[in-house]
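The values are calculated or read from the model by the stated rules, or taken from the named source; none is laboratory data. The structure displayed is predicted, hence computed values, not measured ones. Note that we place each Cβ from the backbone using ideal geometry, even for glycine, and neighbour counts take in every protein chain shown. Side chains included, ligands, DNA and RNA excluded: accessible areas come from the protein's heavy atoms. Shrake-Rupley method; radii C 1.70, N 1.55, O 1.52, S 1.80 Å.
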Amino acid sequence: MKLSGSSADEQFRREVADWLHANLCGEFEVIRGRGGPGDEHMFVEERKAWERKLYEGGWTCIGWPRAYGGRAATIGQQVIFNEEYARAGGPGRMGHIGETLTGPTVIAFGSDEQKARYLPGILRGEEFWCQGYSEPGAGSDLANVRTRAVFDEESDRWQITGQKVWTSLAHESQFCFVIARTDPHSSGHRGLGFFLVAMDQPGVTVRPIEQLTGTSEFNEVFFDGASCGTGDIVGEPGEGWKVAMALLGFERGVSTLGQQMLFSNELDEIIRVARANGSASDPVIRQRIADAHVGLRIMRANSMRMLSGGADDGSLQREAMIYKLYWATWHRNLGKLAMDVLGAESEILEGAPYTLSRLQSMYLFSRADTIYGGTNQIQRNIIAERALGMPREPRGEGS
Ligand SMILES: Cc1cc2nc3c(=O)[nH]c(=O)nc-3n(C[C@H](O)[C@H](O)[C@H](O)COP(=O)(O)OP(=O)(O)OC[C@H]3O[C@@H](n4cnc5c(N)ncnc54)[C@H](O)[C@@H]3O)c2cc1C
């Protein structure tokens, strides 16, 4: 896909840039460039207020159909929005899980009641979501989830019991989409359901996990008979895997381009430091910086290719299958490059225990990139089996 550069696109770009210029200031000045990976814990209330501001301007959920309050923005326009957003120093989005994962999934697979109940809160920037997939025994092998959903005839409600882990932003979320086993005798990807569960209820406990960066962006979440209504399962009981996988497909969407602008800002910062401290005269560092630049251009080209043929149902094209492995590896290497450019300074903290500079924090958080959203090893399996058609690796029964 080529961004057309048509006058309509250019006008749209100006509209986005002008709105951001006029609004990302004053009380919101403080959140400029904040809240990205490794910085999610910062300015949470201000960033929630920013979500509402975006909504007032019509800039939340722009890719959703108009019927659900979106702008039905084309892929090209969404690319432009993300580029301008990152260029303006727009803060990490508090609403990104709802906007990019829950919303498209409910639109594709949800009932009319679910659309009416859940989409407006996401659109208005008032209700935030988290993702209840991983469990202590089910990460890469997601089909191994043991959390149970039992239908209670008396109360006419589902009751959910089990433990999730690594649940990003659960402590800031009103809702969680949860994969749970509706058929207790099933195994693997059969017999699962996809539930929309309110977090603020007695059967839900959220316990933060402290990370390497000293912050707690993710959590353990315990469900102990947590309740949700008959209308809060997306699809039929037993169809949860299909819905859950489609949602992961939506994860490879347009927001990847905004992410690349953030990467570009990080690379610029590394170059600035390299010039300032003289490491830019080291030929090996210079070569690694050039490689990082080339990698970023390749990433962008592949995104454009991937987005130009995307499907609405979350199914993954072959081009999209290499994307996670590519960006995660590139960004982890960028973290190492940042540390080498900083030299000895990279190991010095401004204050105990964890006053990290932005590059130090970026480096530490980049170690997680090759894990979340599917580890590098799993991405290689996906490429081998689904993109290249190589023999499947042996799996347990039911998988
Ligand atoms: C920052 C961060 C945020 C996260 N946020 C969320 C969230 O919001 N919601 C959520 O549900 N989860 C979240 N996760 C969890 C994430 O999805 C899992 O960590 C990931 O899927 C890996 O699972 P695991 O940690 O159980 O590791 P395991 O699956 O136990 O893997 C351990 C190692 O074994 C390797 N391995 C496993 N199976 C294979 C195989 N078949 N072939 C080759 N190698 C294999 C892996 O690659 C890895 O190196 C988050 C994780 C991180 C780091």
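Helix-only estimate, please: 222 nm mean residue ellipticity of the chain, summing -39500 (n - 2.57) across DSSP H runs of length 4 or more and dividing by its residues, to the nearest 500.
Only helices count here, giving -13500 deg cm²/dmol.
Under a GNM of the chain (C-alpha, springs under 10 Å), which listed residue has the highest mean-square fluctuation: ILE298, ILE97, ILE122?
Of ILE298, ILE97, ILE122, the Gaussian network model singles out ILE298 as fluctuating most.
Relative contact order of the chain, please, whole-number percent, based on alpha carbon pairs below 8 angstrom and at least 6 residues apart.
Relative CO of the chain lands at 14 percent.
Express the relative contact order of region 259-399 as a whole percentage, based on alpha carbon pairs under 8 Å and six or more residues apart in sequence.
The value is 25 percent.
Please work out the Cα center distance from region 319-343 to region 161-209, rounded to the nearest Å.
That distance is 31 Å.
Can you list the residues, at least 5 places off or on another chain, whose amide H is less than 5 Å from the amide H of GLY35, using H built in the peptide plane?
Answer set, sorted by chain and number: MET42, GLY92.
Please calculate how many Å² of accessible area region 31-175 carries per residue, with a 1.4 Å probe and no DNA, RNA or ligand atoms counted.
Values: 5930 Å² over 145 residues.
Result: 41 Å² per residue.
Relative to the compact globular guide of 2.2 N^0.38 Å, what is the alpha carbon radius of gyration of the chain, as a ratio?
Output field value: 1.00.
Assigning unit charges at the beta carbon (Lys, Arg +1; Asp, Glu -1) and nothing else, what dipole magnitude in debye, to the nearest 20, does region 78-199 show about its Cα centre?
Once rounded to the nearest 20, the dipole reads 260 debye.
Quick one: which residues, 5 or more positions from SER168 or on another chain, have an amide H under 5 Å from its amide H? H modelled 1.01 Å from N in the peptide plane, none for Pro or chain starts.
Residues meeting the amide H criterion: GLN131, ASN219.
Can you give me the angle between helix 358-369 and the longest principal axis of the chain, using Cα atoms only, in degrees from 0 to 90, rounded to the nearest 10?
Approximately 40 degrees, to the nearest ten.
Shape call for region 268-368 from the C-alpha gyration tensor, a ≥ b ≥ c root eigenvalues: rounded (a/c under 1.5), prolate (a/b greater than b/c) or oblate?
Note, shape of region 268-368 comes out oblate.
Spin-label point model (7 Å from Cα, Cβ direction): what's the ASP200 to CYS25 distance in nm?
Going by the 7 Å Cα→Cβ label model, 3.5 nm.
Given a 1.4 angstrom probe, I'd like the percentage of the accessible area of region 75-233 that is carbon and sulfur, rounded to a whole number.
47
Among SER140, PRO91, GLY110, which residue has its Cα furthest toward the positive end of the charge dipole of region 48-156, with +1 on Lys/Arg Cβ and -1 on Asp/Glu Cβ?
PRO91
Which trypsin sites (Lys or Arg not before Pro) from region 109-152 combine a DSSP loop assignment with at most 15 other Cβ atoms within 10 Å?
Answer by residue number: ARG146.
Go through region 216-222 residue by residue and turn each phi into a ³J(HN,Hα) via Karplus (6.51, -1.76, 1.60, θ = phi - 60°); whole Hz please, and just put x for glycine and proline.
Result, rounded to whole Hz: 10, 7, 10, 8, 8, 10, 10.
Karplus couplings for region 235-246 from phi (6.51 cos²θ - 1.76 cosθ + 1.60, θ = phi - 60°), rounded to Hz, Gly and Pro as x?
Ordered by residue, 3J(HN,Hα) equals x, 7, x, x, 9, x, 5, 4, 5, 4, 6, 4 Hz.
Putting +1 on Lys and Arg Cβ atoms and -1 on Asp and Glu Cβ atoms, find which of GLY278, LEU123, GLY76 reaches farthest to the positive end of the dipole of the chain.
GLY278
For the modelled label position 7 Å from the Cα of GLN174 along Cα-to-Cβ, which residues of region 116-149 have backbone nitrogen atoms closer than 17 Å?
Within reach of a label on GLN174, which here means backbone N under 17 Å from a point 7 Å along Cα→Cβ, region 116-149 contributes 116-131.
Rounding to the nearest 10 and keeping the result within 0 to 90°, find how far the Cα-based axis of helix 283-308 lies from the longest principal axis of the chain.
Once rounded, the angle reads 40 degrees.
Compute a Gaussian network model of the chain, connecting alpha carbons closer than 10 Å, and tell me which residue from PRO184, PRO237, PRO104 fluctuates the most.
Evaluated over the chain, the most mobile residue of the options is PRO184.
Treat every Asp and Glu Cβ in the chain as -1 and every Lys and Arg Cβ as +1, leave all other atoms uncharged, and give the resulting dipole magnitude about the Cα centre to the nearest 20 debye.
Numbers: 42 positive and 52 negative charges, 268 e Å.
I would put it at about 1280 debye.
Count the DSSP beta bridges whose two residues both fall in region 49-188, then state the antiparallel fraction as a percent rounded to the nearest 5.
In region 49-188, DSSP labels about 55 percent of beta bridges as antiparallel.
Could you grab the relative contact order for region 186-310? Cα pairs under 8 Å, six or more apart, rounded to a whole percent. Let's see the in-between values first.
Numbers: 102 pairs, mean separation 29.0, N = 125.
So the answer I get is 23 percent.
Sequence-distant or interchain residues sharing an amide H contact under 5 Å with ARG157, placed H: which?
ASP152
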